[in-house]
Amino acid sequence: MYKDIIDAIGNTPLVELPTFSPKRGIRIFAKLEGHNPTGSVKDRIARAMVEQAEKDGVLTPDRTILEPTSGNTGISLAMVARRKGYRLKVVMPENVSRERIDLLTAFGAEIEFSGADQGTNGAIAIAQTMAAADSQYLMLYQYGNAANPLAHYETTGPEIIRDLPEITHFVAGLGTGGTLMGTGRRLKEYNPDIKVIAAAPQPDDHIQGLRSLEEGFVPPILDLSLLDGRIMLKGEESFRMTAELLRKESVFAGVSSGAVLATALHVAQRLDSANIVCLFADGGWKYLSTQLWTKDYATLQDAVEGTLWW
């Protein structure tokens, strides 16, 4: 029982995916962040960033929270802001899914759209300009806010250790870098041999929620030295694996989860035994309008490419 919806954030299920095990000795698990109150992992960092801003005295009732987002962080902030009584304005690319726009509107957030061709980098630039021009805005800036990885260090990492002490590999999508940095640091403190692997899109490809470093923007909170590997994938493989998740395991997850699973399977091919934890950042509800689950991906070739280092 929780006294507040914000207190219900975290403690998400860890579920094994037996049909995706490529060989005896390889076990693959999914950390289902879609079970958070607004359906994504970003609830964790939204709570952490807002509460840290409150502690620091920079977030007051007369200010408006401002954040560039592709959707999930904005929705999480909208939930936290609504519950705590703050105003929120988000800047997001105009081509995000309809569900994300509707959810933000339902929570009372104001939306400023940026050009679709500029992606989240364009949204960041516009939000930074707005924050510089008007001191009424408080830009929490998930890409550079230390509370982002700290939230995962304090919650996501310990939950995984509690539920699967035998973890050998952790795979998550590369977005802001907060999940990988915070969870990865906590896991490596627990066991330095645990490998931390990032899933990322191919340059000039697009997987919602993930970021290609080759586009030129490296989030300030990202420390590449903490990563043991990075695998770049094509969007088609992410879509196919997302659809396969539902077909084989009845796991209704978002598009980036398909990329994370494909990355885990690529890593598993090199191993004889492992306990691999995949972090699925959100559920599939915000992607229904893409009709992803009605498409036939049976003829697609495996599109896993890119780099892997240890």
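The values are calculated or read from the model by the stated rules, or taken from the named source; none is laboratory data. These numbers were taken from a predicted model, which means no experiment stands behind them. Ideal geometry is used to build each Cβ from the backbone, glycine not excepted, and the neighbour counts take in all protein chains shown.
At a glance:
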{"read-out": "Residue under evaluation K3, criteria (1) of a type in the set (D, E, K, R); (2) more than 20 Å from the chain's Cα centre (by Cα); (3) at pLDDT 95 or above, criterion not met", "value": "(3)"}
{"read-out": "L66 vs. criteria farther than 24 Å from D204 by Cα and assigned to a strand (DSSP E or B)", "value": "yes"}
{"read-out": "Residues of segment 195-250 classified as part of a helix (DSSP H, G or I), of a type in the set (A, V, I, L, M) and either under 23 Å from V96 (Cβ atoms) or outside the structural domain of T179 (by TED's automatic domain parsing) (or both), total", "value": "5"}
{"read-out": "Of the criteria (1) within 17 Å of A253 (Cβ to Cβ); (2) of a type in the set (A, V, I, L, M); (3) surrounded by fewer than 21 Cβ atoms within 10 Å (Cβ to Cβ), which one A53 fails", "value": "(1)"}
{"read-out": "Unmet requirement for T183, which otherwise passes all of (1) surrounded by 18 or more Cβ atoms within 10 Å (Cβ to Cβ); (2) not assigned by TED's automatic domain parsing to the domain that holds L14", "value": "(2)"}
{"read-out": "Members of segment 137-154 found to be within 19 Å of T60 (Cα to Cα) and over 16 Å from the mean Cα position of the chain (by Cα), listed by number", "value": "Y137, L138, M139, L140"}
